[in-house]
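Report on the following structure.
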Amino acid sequence: MTSIQWTEQTWNPTTGCDRISPGCDNCYALTMAKRLKGMGQAKYQTDGDTRTSGPGFGLAAHPDTLTEPLRWKKPRKVFVNSMSDLFHARVPREFLVRVFAVMAATPQHTYQILTKRPERAARILTDLCRCGTGHPPGEHFRSSMEWAATSHSPTYVPGLEHGIYHRSGWPLPNVWIGTSIENADYARRADALRETPAAVRFISAEPLLGAVPNLDLSDIDWLIVGGESGTGARPLEIGWVEDLLVNAAETATAPFVKQLGSVWARANNATDAKGGNPADWPANLRVREYPAAAPAAA
Ligand code: SF4
């Protein structure tokens, strides 16, 4: 996952992941997990598959972290899972329900979830009724969230109070959901994101590894663009960014150019090693907009 500059806090109710596409090749979380395992950090003692993951980077859920946001009284912008992918197939639905119940119970915070698995996000959050009684989409998920606030329930999160079902809208107004798209082969992730109920939908085109001429940005609120940095960083072409900005303008998607990457920075004697200083860029790339306020909940 990538971090987003305006986030103030990270929250990792799960850690660990598996690489699934070229954007994962230089995953910083995978490298960091190995280091944290070596330092003896308790959350990073599960090893992952050596082909797709690594030491300390096996998927692990951490129920003890669920209550952390309840203790943050002042409003914060929270990036969920900087060290994992919340919609990884091995994160149980029951655990996702508990994470969402905590987010529902802390409306003072704004949460950003970035996933490379938007198909699972769409399926779980759309939550079509399969019990045969025709409940509206999302009803079962919301009822399960109420159980996470019920003290005798096995999924109870200590500190949650009754009434989440009635207090919260759906989708949750304080939860933004995004997906990463690194090249044209993964533009289809935007389709899954469009199907995902979310107050704000965003795309992180970072690390941008190729042109994405087939990206449909309709109903996408925010587009973040960035080149790769760090060891083994791959190059970014300015034309790829320019095309995305034209695309975003056509759909009124707010664009945010984060950095042009370390290959570009070296080649252009940039003042920032990651190519993150807009003063170094061509003028037409200096855009850093944010999405409009989240729409009111249904
Ligand atoms: S999905 Fe994100 S966290 Fe998982 S391996 Fe890829 S870059 Fe790393």
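Numerical summary
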| item | result |
| --- | --- |
| Residue check, Asn214 in a loop (DSSP other than H, G, I, E, B) and surrounded by fewer than 22 Cβ atoms within 10 Å (Cβ to Cβ) | yes |
| Residue selected from segment 12-29 under the condition hydroxyl-bearing (Ser, Thr, Tyr) and crowded, with 19+ Cβ neighbours inside 10 Å, by the criterion farthest from Gly230 (Cα to Cα) | Thr14 |
| Matching residues in segment 10-30 - criterion: being within 8 Å of the ligand (Cβ to nearest atom) and outside any loop (DSSP other than H, G, I, E, B) | Gly23, Cys24, Tyr28, Ala29, Leu30 |
| Condition met for Lys74 (free of Cβ contacts under 8 Å to residues at least 24 places away in the same chain and either in a loop (DSSP other than H, G, I, E, B) or within 13 Å of the ligand (Cβ to nearest atom) (or both)) | no |
| Selected residue [in a loop (DSSP other than H, G, I, E, B), of a type in the set (A, V, I, L, M, F, W, C), modelled with pLDDT of 95 or more and surrounded by fewer than 22 Cβ atoms within 10 Å (Cβ to Cβ)] from Ala249, Ala233 | Ala233 |
| Where a residue in segment 16-28 is within 17 Å of Ala60 (Cβ to Cβ) and its partner, wherever it lies, is near the ligand (Cβ under 6 Å from one of its atoms) and part of a helix (DSSP H, G or I), with Cβ under 7 Å and at least six apart | Cys17/Ala29 |
| Residue in segment 31-46 that is more than 10 Å from the ligand (Cβ to nearest atom), of a type outside the set (S, T, N, Q), outside any helix (DSSP H, G or I) and out of contact with any Asp or Glu (no Cβ under 6 Å at 6 or more places or on another chain) present | yes |
| Residues of segment 108-117 satisfying the condition of being assigned to a strand (DSSP E or B) and either within 16 Å of the ligand (Cβ to nearest atom) or under 10 Å from the mean Cα position of the chain (by Cα) (or both) | Tyr111, Gln112, Ile113, Leu114, Thr115 |
| Residue check for Arg120: within 16 Å of the ligand (Cβ to nearest atom) and touching a residue at least 24 places away in the same chain (Cβ under 8 Å) | yes |
| Search result, residues across segment 44-55 that are in contact (Cβ under 8 Å) with a residue 24 or more places away in the chain and either surrounded by 15 or more Cβ atoms within 10 Å (Cβ to Cβ) or in contact with a strand residue (DSSP E or B) (Cβ under 9 Å, 6 or more places away or on another chain) (or both) | Tyr44, Thr46, Gly48, Ser53, Gly54 |
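The values are calculated or read from the model by the stated rules, or taken from the named source; none is laboratory data. Source: prediction; values computed, not measured. Backbone-built Cβ (ideal geometry, glycine too); neighbour counts: all protein chains shown.
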